[in-house]
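Notes for the one structure printed next.
The values are calculated or read from the model by the stated rules, or taken from the named source; none is laboratory data. Computed from a prediction, not measured in an experiment: that's the story for all the values here. Cβ: placed from backbone, ideal geometry, glycine included. Neighbour counts: every protein chain shown.
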Amino acid sequence: MDKLVIKDYTSDNTQPCCICNEKIDAMVDPETGKEIWTEGHNAEPVADGRCCSDCNNNIIVPFRMMKLISSKLQDIGDLSTEAAKDYDTATLTEIEVRDGTQKLKDANAKLKKALKLAEHCRGLLGGVGRKLNNEED
């Protein structure tokens, strides 16, 4: 099945996009040419109401993704900071070798966790990018 076609919606009873105030576009079945959805996209949490496809793709979806990964980015920063402190405080004097080795192990574990979170975030963002690119084709 072909992709849905987006076109300007010209019905007088449709509200304009609550973000850009332009006409909300309609989704059209490419095989029949019939409009199958004319009410736009949910604009939450950026705005109350419905928005057009351009605002959804360029504002709403990226905002939702940043909201989703922002806590993960904070965790990555926190883990990296903690790891750096562990590296700084890991001394290698003869008396503290065992403690220093454990701190280095702890720092490595924190950096590995931060890297895993970063990879997860990259995967989430890559998926959205692929989705948006496929919709634009």
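Before moving on, here are some points about what is shown:
- Filter result for Leu73 (within 22 Å of Val61 (Cβ to Cβ), touching a helix residue (DSSP H, G or I) at 6+ places or on another chain (Cβ under 7 Å) and at pLDDT 75 or above): yes
- Residue within the stretch 55-74 that is touching a strand residue (DSSP E or B) at 6+ places or on another chain (Cβ under 8 Å), part of a loop (DSSP other than H, G, I, E, B) and either in contact (Cβ under 8 Å) with a residue 60 or more places away in the chain or surrounded by 15 or more Cβ atoms within 10 Å (Cβ to Cβ) (or both) present: no
- Boolean, Ala47 is modelled with pLDDT under 90 and either in a loop (DSSP other than H, G, I, E, B) or buried (at least 17 other Cβ atoms within 10 Å of the Cβ) (or both): no
- Checking Cys55 against (1) over 30 Å from Ala114 (Cβ atoms); (2) touching a Phe, Trp or Tyr at 6+ places or on another chain (Cβ under 6 Å), the condition it does not meet: (2)
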